[in-house]
Amino acid sequence: LRQSEQLEEIIDDLLALSRIEREANDAQIDLEQIPLKSILEEAADRCRPKAEESDVAIVIDCPENLELEVNPTLLEQAVVNLLHNGITYSEAGQEVVLTAGMLETVGTPKVRISVEDNGIGIAKEHLPRLFERFYRSDRARSRKEGGTGLGLAIVKHIVQAHGGSVEVESTVGKGSTFHIILDS
């Protein structure tokens, strides 16, 4: 039964990834101006059952007045995927912190959405391939924790469809921070 559920998850993720790529290539993603905090709160609400089950707190820090022109459904999914990973790789009693704010840059103003955990971290040699489909930095742990190996690839494609970028900083044993950077 578990294997059929996992296969169903993989198929769902592949279909989602295919749809995102197709819409991005056809420049078809529907954008709307929306308060970013509402998207982050929806994403956190979707992840709360898993967080509570794992005894991990989700903390949100986002200005009320920060708005972005995005596809709210897609951006919410990207944040859900990052939160899900943060929760999965954190120990009980820890926090996953979701922050958003303006990024100090030259030129076009940018917004940075960050998901920070104090989990197991990711070794430097794995960082360049982290956003590839089916790539797993720790195969044994990944199998035990579940997932399809497509979550970060989906994040990357959603962010790229919005003209943005995704970055990661990580230290083994200390945790990881994923950043989504979008034009404001």
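Do the conditions hold for ASP12, that is, is it at negative phi, part of a helix (DSSP H, G or I), among the charged types (D, E, K, R) and modelled with pLDDT of 95 or more? Give the steps one after another, and end with the answer.
On the way: at negative phi: yes; part of a helix (DSSP H, G or I): yes; among the charged types (D, E, K, R): yes; modelled with pLDDT of 95 or more: no.
Answer is no for this residue.
I'd like to check something: does segment 114-129 contain any residue that is under 15 Å from SER38 (Cβ atoms), at pLDDT 90 or above and in contact with a helix residue (DSSP H, G or I) (Cβ under 9 Å, 6 or more places away or on another chain)? Let's see the steps before the verdict.
So in segment 114-129, the residues under 15 Å from SER38 (Cβ atoms) come out as none.
No - not one qualifying residue is present in segment 114-129.
If you take just the strands (runs of 3 or more DSSP E) that sit entirely in segment 21-137, which of them hold at least 3 residues that are closer than 14 Å to SER176 by Cβ? Even if it seems obvious, please write down each step before you answer.
Details: elements: 32-35, 57-61, 67-70, 95-103, 110-116.
Qualifying strands (runs of 3 or more DSSP E): 95-103, 110-116.
Please go through segment 165-183 and pick out each residue that is crowded, with 17+ Cβ neighbours inside 10 Å, touching a Lys or Arg at 6+ places or on another chain (Cβ under 9 Å) and either among the polar types (S, T, N, Q) or over 22 Å from MET102 (Cα atoms) (or both).
The answer is SER170, and nothing else.
Would you point out the residue of segment 20-50, among those that are under 15 Å from GLU76 (Cβ atoms) and among the charged types (D, E, K, R), that is modelled with the lowest pLDDT? Outline the logic, then answer.
From segment 20-50, those under 15 Å from GLU76 (Cβ atoms) are 20, 29-32, 34-48; that's our starting set.
Now narrow it down to the ones that are among the charged types (D, E, K, R): 30, 32, 37, 41-42, 45-46, 48.
On the way: ASP30: 84, GLU32: 92, LYS37: 97, GLU41: 98, GLU42: 97, ASP45: 97, ARG46: 94, ARG48: 97.
For segment 20-50, the residue satisfying everything is ASP30.
Kindly list, by first and then second residue, each pair from a residue in segment 151-174 that is touching a residue at least 12 places away in the same chain (Cβ under 8 Å) and under 16 Å from ASP30 (Cβ atoms) to a residue that is outside any helix (DSSP H, G or I) and of a type in the set (Asp, Glu), limited to pairs with Cβ atoms under 9 Å and residues at least 6 apart or on different chains.
Close Cβ pairs satisfying both conditions: HIS162/GLU69; HIS162/ASP183; GLY163/ASP183.
The values are calculated or read from the model by the stated rules, or taken from the named source; none is laboratory data. Source: prediction; values computed, not measured. With ideal geometry, Cβ positions are generated from the backbone for all residues, glycine too; neighbour counts draw on all protein chains shown.
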